[in-house]
Amino acid sequence: MLLLPERKALFLHIPKTGGQTIERLLGFPHRHQHHSSKGLPSDWQRWFRFTFVRHPVDRFISACNYYVDMAGRHQRRYRQPAERGVIASFRLWLLEEKPSLPQVVEALQAQDLYRRHAGFAPQLRRIRAVQPQFLGRFERFADDVNTVLTLLDVDARLEAGAPRINASKRHYRQVDLDGPALQALSRMYRADFQQLGYRPAPPTALPNDEH
């Protein structure tokens, strides 16, 4: 979470929803300090709290692409014994084995592994802890970002169609999903679909193919 104490505001950054672009517009570089719920000020519930969400399937594919990119950049470090944790191992598996998207879904379902990865964990898990008053959507990103900037009295604006920071290469696409994999994702993210107003849809029917 990003704290903006001078504005009494809190940004709940859910991975793969355009958060780095928002932080840059707010004047924060990527490598700044994020706060956990334990580090919040005592009056945080009186602050303005906002977040952004994304269609669960679209976000899932974006996270897959991001993990491949990260493995490509840091594979030497990931192969060090001290770094070979769950996340590093999974990223290397995506890079080296090049599994199909249905195989990725199957692997993440095993022992609820997807819940252990920030990029794949259900969005509601974070939202429930903070209860943001403003919920922006990735699908109307520029409009909702500019609404937040206006509410925060920030002069910066995001032009429609402007490239987002940290966008990943397209190693996987929506069309790579088959019916059983899509059904599995619908089960994995059932609460997100139900509570965030998204409908499970075949890959070709999703709102965009930008990651």
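Name the shape class, rounded, prolate or oblate, that the alpha-carbon gyration tensor gives for the chain, where a ≥ b ≥ c are the square roots of its eigenvalues, rounded holds for a/c under 1.5, and otherwise prolate holds if a/b is larger than b/c and oblate otherwise.
Here the chain falls in the prolate category.
Quick one: helix 179-188 against the long Cα principal axis of the chain, what's the angle to the nearest 10°, folded into 0 to 90?
Between the helix axis and the principal axis of the chain, the angle is about 40 degrees.
For the chain, please report how many Lys pairs fall under 28 Å Cα to Cα, leaving out neighbours fewer than 8 apart on the same chain.
Going through the chain pair by pair, I get 6.
Note the angle between two axes, namely the Cα long axis of helix 141-151 and the longest principal axis of the Cα atoms of the chain, as a number of degrees from 0 to 90, rounded to the nearest 10.
30
Given R₀ = 30 Å, what would the calculated FRET efficiency be for Phe48 paired with Glu83, taking r from the Cβ atoms and rounding to 0.05?
Step by step, r from the Cβ atoms, then E = 0.20.
How long is the gain from Trp93 to Arg128 if the chain were fully straight, where each residue apart is worth 0.36 nm and the alpha carbon distance is subtracted?
Fully extending the segment from Trp93 to Arg128 adds 9.4 nm.
For the residue pair Arg24 and Asp155, what label-to-label distance in nm results when each label sits 7 Å from Cα along the Cα-to-beta-carbon direction?
My value for the distance between the label points is 2.0 nm.
Name the residues whose placed amide hydrogens come within less than 5 Å of the amide hydrogen of Ala9, ignoring near sequence neighbours (fewer than 5 apart) on the same chain.
Leu4, Phe48
Could you please rank Met188, Met1, placing first whichever residue has the fewest other Cβ atoms within 10 Å of its Cβ?
Neighbour counts put them in this order, fewest first: Met1, Met188.
Before rounding to the nearest 500, sum -39500 (n - 2.57) across all DSSP H runs of length at least 4 in the chain and divide by the residue total; then give [θ] at 222 nm in deg cm²/dmol.
Calculated at 222 nm, the ellipticity per residue is -12500 deg cm²/dmol.
Any read-out appearing in this document is the output of simple, stated calculations on the displayed coordinates, not a laboratory observation. What you are looking at is a predicted structure, and each value in this text was computed from that prediction instead of being measured. Cβ atoms come from the backbone with ideal geometry, glycine included; neighbour counts cover every protein chain shown.
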